[in-house]
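These notes concern the structure reproduced below.
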Amino acid sequence: MTGFALGVDQEEWCGQLRALAVQRLRPLAEKGEPGRVNRPLLAALGELGLLERVFASGALELCLLRESLAYGCTEAETALALQGLGAYPVLRAGSEEQRERWLPRVRTGRAVAAFALSEPGAGSDAAALALAATADTAAAGGGWRLSGEKCWISNAPEADFYTVFARTGEGPGAKGVSAFLVPADRPGLSGAPLDMLSPHPIGSLAFDGVPVGPRDLLGEPGRGFRVAMDTLNLFRPSVGAFAVGMARAALDATLAYTADRTAFGGTLSDLQAVAHRVAEMATRTEAARLLVYAAAGAYDRGAGDVPRRAAMAKLLATETAQYVVDHAVQLHGAVALQRGHLLEHLYREVRAPRIYEGASEVQRTIIAKELYGAAGAAVAAR
């Protein structure tokens, strides 16, 4: 995919989503409590059919959905994305029984999903996770007991079920990780909220001999890390779309403000330093957007270079959004630091995406590994 342009129908749909986010979803978001799951907001996302679109669409449509919602209501975008992240492994690797029990409720916003990969000692190095799944010899039909901790888990501890990655020991590193669907009411599972900068819920989970059986597996034993990576390869470009949505909202706010704000005998936009800064913000945002949708298109085509493209998209888009929002705050001045101002909100929201689902440093590592691997293969083929 060498270029990107929306069709008329897509442009209209994105416009409708932006308006819907402002008019219908933002009021629900504002009634929510920071750090808590907003179930009325989730129910509205389900009622509007937007949660269904997460599972029925490809990467390109998912990106359009996330960018458009982020422009008008970041809380709605995040609630939608976390449902997808937590439940997508069930869609891809779950049994028919698991899918029938949970996915209809996720799609309607009646069940809250969570993706439980990170641990206190295994954040960026996800393959180093230590949550132990030891064989439960007393369980009829076989099973495991989960013991350990998860940390920085979005929607914890209020989710209704967790996609949990644990070490079953079939091999070293990533080869010995399995994925499980663990309902929140499973005995031995507890959690606590964490007070974080981002307004969406994040918590820790403690596993004290939590029983899981073969029916709780997502996919095959020892193949859980692949389940995690398949999920992240889809959602990483759409994290970039979330970032682009925030960048575009900050850019539009800056254009309006600097064109109207009088200073030094004219408007701020008359000052070359300001105009050039805005031009740079716009150029970087457009470049990031093109890379995000190129990665989404590659995913939908089943291209072989999706990991590299997804990593590039997330890296550039999240770093760009940080740049754009920061400079938007600078050009607005003190007014942008007031609680409740759009840019104050975006300034808090924009920081986390550079860390979660693979920090920027991890994305650079993935990109370099893919590039050198391709170069080596090309040399070997000569």
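Bear in mind these aren't lab numbers, they're just calculated from the coordinates by the rules spelled out. Given the structure is predicted, the values throughout are model-derived calculations rather than measurements. Heads up, the Cβs are rebuilt from the backbone with ideal geometry, glycines too, and the neighbour counts pull from every protein chain shown.
Would you mind checking the tilt of helix 306-332 against the longest principal axis of the Cα atoms of the chain, expressed as 0 to 90 degrees and rounded to 10?
40
Would you mind ranking Glu52, Glu280 so that the residue whose beta carbon has the fewest other beta carbons within 10 Å leads the list? Let's see the in-between values first.
On the way: Glu52 16, Glu280 13.
Ascending number of Cβ neighbours within 10 Å: Glu280, Glu52.
Going by average Cβ density within 10 Å per residue, which order do the peptides 152-159, 78-85 take, highest to lowest?
Details: 152-159: 23.1, 78-85: 25.5.
The packing order, highest mean first, is 78-85, 152-159.
At a Förster radius of 41 Å, what calculated FRET efficiency corresponds to the Cβ-Cβ distance of Asp252 and Glu170, to the nearest 0.05? All intermediate terms of the calculation are to be shown ahead of the outcome.
Details: r = 51 Å, r/R0 = 1.24.
After rounding to 0.05, the efficiency reads 0.20.
To the nearest 20 Debye, how big is the dipole of region 113-222 about its Cα centre, given +1 on the beta carbon of each Lys and Arg and -1 on that of each Asp and Glu?
Working: 6 positive and 12 negative charges, 43 e Å.
Dipole about the Cα centre, nearest 20: 200 debye.
On the Cα set of the chain, report Rg and Dmax in Å, please.
Radius of gyration, then largest Cα-Cα span, for the chain: 21.6, 81 Å.
For the chain, set up a GNM with springs between Cα atoms under 10 Å and report which of Pro183, Pro214, Pro237 has the largest fluctuation.
Taking springs between Cα atoms under 10 Å, the residue moving most is Pro214.
How would His200, His276 line up from fewest to most surrounding beta-carbon atoms within 10 angstrom?
Values: His200 22, His276 10.
Result, fewest neighbours first: His276, His200.
Can you work out ³J(HN,Hα) from phi for every residue in region 104-118, in order, using Karplus 6.51 cos²θ - 1.76 cosθ + 1.60 and θ = phi - 60°, giving whole Hz and x for Gly and Pro?
x, 6, 5, 5, 9, x, 8, 10, 9, 9, 8, 9, 9, 10, 5
Can you tell me what percent of all Cα-Cα pairs in region 201-267 are more than 14 Å apart?
78
Provide Glu75, Glu370 in ascending order of the number of other Cβ atoms located within 10 Å of each residue's Cβ, fewest first. Walk me through the numbers before you get to the answer.
On the way: Glu75 23, Glu370 18.
The order, fewest Cβ neighbours first, is Glu370, Glu75.
For Glu361 and Leu197 in the same chain, what is the full-extension length gain: residue separation times 0.36 nm, less their Cα-Cα distance, in nm?
Working: separation 164, 0.36 × 164 = 59.04 nm, distance 2.05 nm.
Length gained between Glu361 and Leu197: 57.0 nm.
Cα convex hull of region 8-107: how many Å³ per residue? Working shown, then result.
Numbers: hull volume 9.2 nm³, N = 100.
Once divided by residue count, the hull of region 8-107 is 92 Å³.
On a full-extension model of 0.36 nm per residue, what is the gain between Ser124 and Glu96, subtracting their alpha-carbon distance, rounded to one decimal in nm?
Details: separation 28, 0.36 × 28 = 10.08 nm, distance 3.19 nm.
My answer for the length gained is 6.9 nm.
Could you count how many Lys pairs in the chain have their Cα atoms under 28 Å apart, skipping same-chain pairs fewer than 8 positions apart? Intermediate values should be presented prior to the final figure.
Details: Lys150/Lys175; Lys150/Lys314; Lys150/Lys369; Lys175/Lys314; Lys175/Lys369; Lys314/Lys369.
Total qualifying Lys-Lys pairs in the chain comes to 6.
Could you pull the Rg and Dmax for region 249-303, using just the Cα atoms, both in Å?
Calculated on Cα positions, Rg and Dmax stand at 16.3, 56 Å.
Describe numerically, in nm with one decimal, the distance between label points set 7 Å from Cα along Cα→Cβ at Thr267 and at Arg110.
Distance between the two pseudo-spin positions: 5.1 nm.
Along the Cα-to-Cβ line of Leu6, 7 Å from the Cα, sits a label point; which residues in region 266-305 have backbone N less than 17 Å from it?
Under cut-off, by backbone N: 285-297.
Rounded to two decimals, what ratio of Rg to Rh does region 113-222 give with C-alpha atoms and a Kirkwood Rh? Mind dumping the intermediate values first?
Working: Rg = 13.3 Å, Rh = 13.8 Å.
Ratio of gyration radius to Kirkwood radius: 0.96.
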